[in-house]
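K.L.:
Below are the structure tokens for one structure; questions will follow.
Derivation of every value follows stated rules applied to the coordinates shown; laboratory data play no part. Computed from a predicted model, the values in this text were never measured in an experiment. Methodologically, a virtual Cβ is constructed for each residue, glycine included, from the backbone with ideal geometry; neighbour enumeration extends over all protein chains shown.
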Amino acid sequence: MSADVPAAGMPGVPGPGASGSGMPGLGEPGPGKPPPEKPIRVAGTAVVLRDGPAGPEVLLMRRPRAGSFPDAWVFPGGSLEPADRAGAATEADAARNAAVRETFEEAGIRIRDLVALSRWTPPAGTPVRFRTWFFLAREFGDEVVPNAGEVEEVAWLTAGQVFDGHAAGSMILLPPTWVTLHALLAHRTVDDAYAAVGEPEHFATHMQTSAEGTFAVWHGDEAHPEAPGAAGARHRLLMGALPWTYQRG
């Protein structure tokens, strides 16, 4: 299974996308007390890159139409299995093992040089909660062979190509996928992307709404309930209409 959904830190309900938003519909909490906290699981996702004529290309997979977040384009990955924890000194190590295993199971390719990019934690109340580690990875040149039971379509695309498709409404993305791809826009080669990697960043997602529509907030935003920034500070993704807008600073 792909860890990008719902491991990516998004609440939601199965069903058609919100009109004009470019993503599946989002569930809003009802009145009264919040639901009891559900146990959180761990997952690993691989952001697999290769060099292309127009810049780094990333491997993306389109999810089946049945199930949650139908037709969303995601990175390969999935939840930890017992074997992933064998010999793993840390949660990140186990998630790295899961990312390698799931990429082979879903796309039929081997990956290498995994480096932790980020960790995504979903909001409280998300029906199925995964804390997901995202890893940058290189491929070996293997032919991609998608798992027909889990993957509808695969493609090697530049971040710019993905954003063009998303802005046009022909590709469904989730916020962590979108934000991760956004960071790739600045790089001309895979080596450049690796050189820019620092300490893994933790994104604790909180969903909010305004007159302009739904938006996600993360640490440093003035509206983040756990790690707010100064008045007027922004670290959010505006998703009320296409194209989405990322604000940070």
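K.L.:
Could you count how many residues in region 149-174 are assigned to a loop (DSSP other than H, G, I, E, B), touching a strand residue (DSSP E or B) at 6+ places or on another chain (Cβ under 7 Å) and of a type outside the set (Val, Ile, Thr)?
P.N.:
Within region 149-174, residues that are assigned to a loop (DSSP other than H, G, I, E, B), touching a strand residue (DSSP E or B) at 6+ places or on another chain (Cβ under 7 Å) and of a type outside the set (Val, Ile, Thr) number 4.
K.L.:
Another question, then. Condition test on LEU185, is it surrounded by fewer than 14 Cβ atoms within 10 Å (Cβ to Cβ), under 29 Å from PRO70 (Cα atoms) and touching a helix residue (DSSP H, G or I) at 6+ places or on another chain (Cβ under 7 Å)?
P.N.:
yes
K.L.:
What number of residues within region 82-140 are free of Cβ contacts under 8 Å to residues at least 40 places away in the same chain and out of contact with any Pro (no Cβ under 8 Å at 6 or more places or on another chain)?
P.N.:
Looking only at that region, the number is 14.
K.L.:
Among residues belonging to region 102-137 that are crowded, with 19+ Cβ neighbours inside 10 Å and farther than 30 Å from GLU226 by Cα, point out the one that is farthest from the chain's Cα centre (by Cα).
P.N.:
ILE109
K.L.:
Could you grab me the full set of residues in region 175-209 that are among the polar types (S, T, N, Q) and part of a loop (DSSP other than H, G, I, E, B)?
P.N.:
THR189, THR205, listed by residue number.
K.L.:
Could you tell me whether PRO146 is touching a strand residue (DSSP E or B) at 6+ places or on another chain (Cβ under 6 Å), within 27 Å of VAL197 (Cα to Cα) and in a loop (DSSP other than H, G, I, E, B)?
P.N.:
So PRO146 fails the test.
K.L.:
So GLU143 passes all but one of these: (1) touching a residue at least 24 places away in the same chain (Cβ under 8 Å); (2) buried (at least 17 other Cβ atoms within 10 Å of the Cβ). Which condition number does it fail?
P.N.:
Every listed condition holds for GLU143 apart from (2).
K.L.:
Can you spot a residue in region 145-165 that is of a type in the set (Gly, Ala, Ser), more than 30 Å from GLY240 (Cα to Cα) and over 15 Å from the mean Cα position of the chain (by Cα)?
P.N.:
Yes.
K.L.:
Restricting to region 63-119, name every residue that is basic (Lys, Arg) and over 20 Å from PHE140 (Cβ atoms).
P.N.:
ARG63, ARG65, ARG85, ARG119
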